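> Below you'll find the structure I mean.
The values are calculated or read from the model by the stated rules, or taken from the named source; none is laboratory data. Being a predicted model, the structure only gives us computed values, none of them experimental. Glycine also receives a Cβ, built like all others from the backbone with ideal geometry; neighbour counts cover every protein chain displayed. Areas reflect the complete protein model, heavy atoms only, side chains present, ligands, DNA and RNA absent. Shrake-Rupley method; radii C 1.70, N 1.55, O 1.52, S 1.80 Å.
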Amino acid sequence: EEKARLDDEVAMLEEARRNEEMEVRRLAEERRAEDEAKMIAKLEADAAAKALAAEDAIRKAKEALEAVSSTKKDIISQTIAMAEREAIAETEREIMAEREDYKEK
């Protein structure tokens, strides 16, 4: 009877330990998911800020473009288009690099 009681107590303690381990893993996973969500939100906010800055610069360039001659307009238009592509590509590279850095952690 004493042995059965001790066996039951050991079984209950082992179950409690397993439950505790599962809770620790669950909390760690929850924390990782929260950290990842925060990092993604930060990356998206950074990308949005860069996009706004690029749009503002492009708007100003387009305003300046209206004041110059047709030949110069063509050159400036090509430069603006190239700058737009480069800004987008740079933002994408930065986001991907930051995501890769975050995933490696």
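> Take the alpha carbon atoms of the stretch 14-99, find their radius of gyration, then divide it by 2.2 N^0.38 Å using N residues; give the quotient.
With N residues counted in the stretch 14-99, Rg over 2.2 N^0.38 Å equals 1.96.
> Let me ask another. Given +1 on the Cβ of Lys and Arg, -1 on the Cβ of Asp and Glu, and no further charges, what dipole in debye does the stretch 1-56 carry about its Cα centre, rounded to the nearest 20?
Around 260 debye, computed over the stretch 1-56.
> Report the one residue of 64, 83, 53 whose Cα lies farthest in the direction of the positive end of the charge dipole of the chain (charges on C-beta: Lys and Arg +1, Asp and Glu -1; origin at the Cα centre).
64
> To the nearest 10 degrees, how steeply does helix 70-104 sit against the main Cα axis of the chain, on a 0 to 90 scale?
The angle comes out near 10 degrees.
> Write down the accessible area per residue of the chain in Å², having rolled a 1.4 Å probe over the full set of protein chains.
Ligands and nucleic acids excluded, the result is 83 Å² per residue.
> While we're looking at this one, here's another question. Highest mean first, how do 22-30, 89-97 rank when packing is the count of other Cβ atoms within 10 Å averaged over residues?
Working: 22-30: 10.0, 89-97: 12.4.
Sorting 22-30, 89-97 by mean packing, highest first, produces 89-97, 22-30.
> Counting Lys and Arg as +1 and Asp and Glu as -1, each charge on the Cβ, what is the dipole of the chain about the Cα centre in debye, to the nearest 20?
Numbers: 21 positive and 31 negative charges, 201 e Å.
Dipole size: approximately 960 debye.
> Quick one: angle between helix 2-65 and the longest Cα principal axis of the chain, in degrees between 0 and 90, rounded to 10, please.
In the chain, helix 2-65 runs at an angle near 0 degrees to the longest axis.
> Per DSSP helix of 4 or more residues, -39500 (n - 2.57); summed, then divided by the residues of the chain. What does that give at 222 nm, rounded to the nearest 500?
Only helices count here, giving -35500 deg cm²/dmol.
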